[in-house]
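Read the figures in this text as sums done on the coordinates, not as results from a lab. None of these values were measured; they are calculated from a predicted model. Glycine gets a Cβ as well: all are built from the backbone with ideal geometry, and neighbour counts include every protein chain shown.
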Amino acid sequence: MVRKIYEMDVNDIKEILMDYSTIREQTRQQILDLYQDLYDTDDLIETISIGKSNISDMPGIKKGVERDLSDIVLRHQSQLKQWYNEISYEIDILLNKEEMLHRLWICYRLLPEKQYRVITEIYVHKQPWKKVEAESQESKSTFLRLVNRGLNNIKKMYDSEYSNEYLLRHSLQKIIRKNQEEK
C-alpha cells in the first residue's frame, strides 16, 4: 500500500513530464539549501545555549544586565527552535514532492512501448504533435487514443495503491512473460 502523496490530474502529468529534469533539480537544490539552513540553525542554537549562570560569570555584568541578557538569549533560542521546526517541515514537504516526481517518472517509464514512445516525443522531447503523429504512422484518431491512454495509464498507476516496487516487478514480469512467449 502506498501513501497518497499528491493528487494528480492529466494536466499536472503533462507539465511535469515537460519539465521533469528542471523540477527535480530545483527540488533537490531546495532540499540541500534547507539542510544547510537547518545545520546553520542547529549550530546557532548550540552556540547560544549558554545558561544564565554562565552569563553572570562574565566580567563587568551587573544584575539588571544579566537578566536582560539572559532574556534575550532565551528569546533568541526560542526563535531559532521555531525556525528549526519550520525548516524541518519545509524539508518534509519537498521530500514528499521528490517522492511524487519519482513515482510519476516510474509510471511513465512503465507505459507500453507505443504509448511510451509518443508520450516521450510530445512531452519529454517537446516535439510538435503533427511530426510525432506522422512518424507514428497511425491514423489521427488512433494517435490521439494512444496519447490519451498513455496519460491515463500514468495516472492510473500513479493513483494505484501499489508500491513503486510492485509496479516495477509487475512490469518486469510482463516483459519476462512476453519474452518467454516469443521463444
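Highest mean packing first, where packing is the average number of other Cβ atoms within 10 Å per residue, the peptides 134-143, 155-164 line up as 155-164, 134-143.
Stokes-Einstein diffusion coefficient for the range 70-154 at 37 °C in a medium of 0.692 mPa s, Rh from the Kirkwood formula over Cα pairs: what value in µm²/s? Taking Rh from Cα pairs, D becomes 203 µm²/s. For the pairs 126/155; 131/174; 126/174, note any where the Cα-Cα span goes beyond 24 Å. Listed pairs above 24 Å: 131/174; 126/174.
Evaluated with a Cβ-only charge set (Lys, Arg +1; Asp, Glu -1), the range 129-178 carries a dipole of roughly 180 debye about its Cα centre, given to the nearest 20.
Using the beta-carbon distance between residue 85 and residue 25 and R0 = 30 Å, what value does 1/(1 + (r/R0)^6) give for FRET efficiency, to the nearest 0.05? For residue 85 and residue 25, the calculated efficiency is 0.65.
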